[in-house]
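Notes to accompany the following structure.
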Amino acid sequence: MRSTRSIEISTGMFVLLGFAALFFLVTQITNRELSVDGSSYTVEARFENIGSLKVGAAVSMAGVTIGRVDSIKFDQTVYKAVVGLKINSAYNRIPSDSDASIMTAGLLGAQYIGITAGGGEEYLKEGDQVTLVQDALVLENLINQLAASFSGRKDEPKDAAANGNTEESK
Amino acid sequence: MSQVAELASNLREFVRMVGAVVLFLLRMLGQIPRLIARPRLVVEQIYNTGALSLVIVMICGMFIGMVIGLQFYDILARFGSEDAIGVGAALGLLKELGPVVTALLFAGRAGTAVASEIGLMRATDQLSAMEIMAVDPIMRVAAPRFLGGIIAMPLLVAIFIAIGLFGVQLVAVQQLGVESNSFWSQMRAAVGVDDVVDGIVKSFVFGVACSLVAVHEGFTAIPTAEGVGRATTRTVVISAVLTLILDYMLTAVML
């Protein structure tokens, strides 16, 4: 039997190692909780269809993450999804006529919001609304459209407009 | 007719055993206040069940991580999504493989040691001797081993998962050339603190189950060489089956 002292040292090392591993797991491989560091402002965008967008999804511009999706609500009066975008205050020169679209990262990737800069002189600020939006791509609608166009129906343009992805939301 | 009677008596025996295990658990829990006054007993058992299981847990974690790296790479490469390997491996290790494999290793390494040690104490009348000296063997022998196992298990699982992720990273990033940044950033984006909590809750439950089985089997072992051997075997078998059943139930609740 080893002496009590060396048992205590080994036990202490084991326990510390265990807590170090736990600390590593909690801080290094998770990130969902800490969203936007520091100050931020929130703007709103209304979508016909957000697909499987989740709270916490990235808001990115030119591929750089500039914020997170803060809230997702459903507005009963206009039957649209209201998505709150929390954007880091460092990025305060986003033109107010920028367009927000829901995109998918890769084949198995999660959905995120991509913002493409507009050309306006005014910039987005707290409480603003992004009016130019593009809905999530719903595969079924796309297939319907394709099937319609392959079958050579003449009402295809109307169909495309009905399911169209770009539209003004105001 | 005799078959029905046999079935009934088997069933009664099973119910009796469940009751005995629960009562045993309650008696051990009742000893916790007295153990807090003598923490050295528990520290010794954390050493026996935890620190001594460290090497096997680390080696197995490493190789499980490496094999996950290979398998996931092969599967994900078919979809052109090799970068998602970090997400798959981290969630798989955190929620399933970490707790379950560590519990099986724990049952094999620490559970058998505890069961055979207590069984041998029973066979050599050490437990009876304690009772004669007015020392409660549940307080002196069973409860410290049980508590030590419960404390050691989540720590072992955390170490297993951390080493496993290192193994995944070693194969996927260093060897197969998955891009390091997207490996980590996709993992961070997809894994939440709640996933870590899920894994820790599972490991705690498995720790209670495996430790309880080991201590109880040792305590109720038939006091012969054969009886101690049988108690050790039963410890591994019952722990493994119980772990997998509990795993299914916990997963169904958590998802």
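Just a few scattered comments:
- Only one residue of A:A110, B:S211, A:F74 has its Cα farthest out toward the positive end of the dipole of the protein assembly as shown, where Lys and Arg carry +1 and Asp and Glu -1 on Cβ, and that residue is B:S211.
- Whole-number D in µm²/s for the protein assembly as shown (Stokes-Einstein; Kirkwood sum over Cα pairs; 4 °C, 1.567 mPa s): 51
- Ordering B:V55, B:V196, B:G65 by Cα displacement along the dipole of the protein assembly as shown toward the positive end leaves B:V55 in first place; charges were set at the Cβ atoms of Lys, Arg (+1) and Asp, Glu (-1).
- Whole-Hz ³J(HN,Hα) from phi, Karplus 6.51 cos²θ - 1.76 cosθ + 1.60, for the stretch B:237-244, glycine and proline x: 5, 5, 4, 5, 5, 4, 4, 6
- Simple Cβ-charge dipole of the stretch A:40-137, Lys/Arg +1 and Asp/Glu -1, about Cα centre, in debye nearest 20: 360
- With the helix formula -39500 (n - 2.57) applied to DSSP H stretches of n ≥ 4, chain B reaches a computed 222 nm mean residue ellipticity of -26000 deg cm²/dmol.
- In this structure the amide hydrogen of A:L124, modeled in the peptide plane, comes within under 5 Å of the amide hydrogens of A:I94, A:S96, none closer than 5 places in sequence on its chain.
- Simple spin-label estimate for B:A134 and B:E96 in nanometres, 7 Å along Cα-Cβ: 5.6
- Using a probe of 1.4 angstrom and keeping all protein chains present, the accessible surface of the protein assembly as shown works out to 52 square angstrom per residue.
- For the stretch A:79-103 versus the stretch B:86-146, the spacing of their alpha-carbon centroids is 55 Å.
- Amide H within-cut-off set for A:S40, under 5 Å, with H built and near neighbours excluded: A:S89
- Phi-derived couplings, Karplus 6.51 cos²θ - 1.76 cosθ + 1.60 at θ = phi - 60°, listed residue by residue for the stretch B:35-42: 6, 4, 6, 10, x, 4, 4, 6 Hz, with x used for Gly and Pro.
- Positive end of the dipole of the stretch B:48-254 (Cβ unit charges, origin at the Cα centre): among B:V241, B:A231, B:L156, the Cα lying farthest that way belongs to B:A231.
- Carbon/sulfur fraction of accessible area - the stretch B:163-255, other protein chains in place, 1.4 Å, %: 70
- Here's the list of aspartates and glutamates a cross-link from A:K80 could span, going by alpha-carbon distance under 16 Å and ignoring same-chain residues fewer than 8 apart: A:E44, A:E48, A:D135, A:E167, A:E168.
- Legend: residue pairs A:K54/A:K125; A:K54/B:K95; A:K73/A:K125; A:K73/B:K202, Cα-Cα distance threshold 31 Å; pairs beyond threshold, A:K73/B:K202.
- Drop in accessible area of at least 20 Å² in the complex versus isolated chain, residues of the stretch B:30-54, 1.4 Å probe: B:R40, B:V43, B:E44, B:I46, B:Y47, B:A51, B:L54
- Carbon and sulfur %, accessible surface of the stretch B:94-153 computed with the full protein complex present, 1.4 Å: 64
- Dipole magnitude for the protein assembly as shown: computed about the Cα centre from +1 point charges on Lys and Arg Cβ and -1 point charges on Asp and Glu Cβ, it is near 1680 debye.
- Buried area at the A-B interface (accessible, heavy atoms, 1.4 Å probe, summed, Å²): 2500
The values are calculated or read from the model by the stated rules, or taken from the named source; none is laboratory data. Every value quoted in this text rests on a predicted model; they were computed, and no experiment measured them. Cβ sites come from the backbone with ideal geometry, for glycine too, and all protein chains shown count toward neighbours. Just the protein is used for accessible areas: all its heavy atoms, side chains included, with ligands, DNA and RNA removed. Shrake-Rupley method; radii C 1.70, N 1.55, O 1.52, S 1.80 Å.
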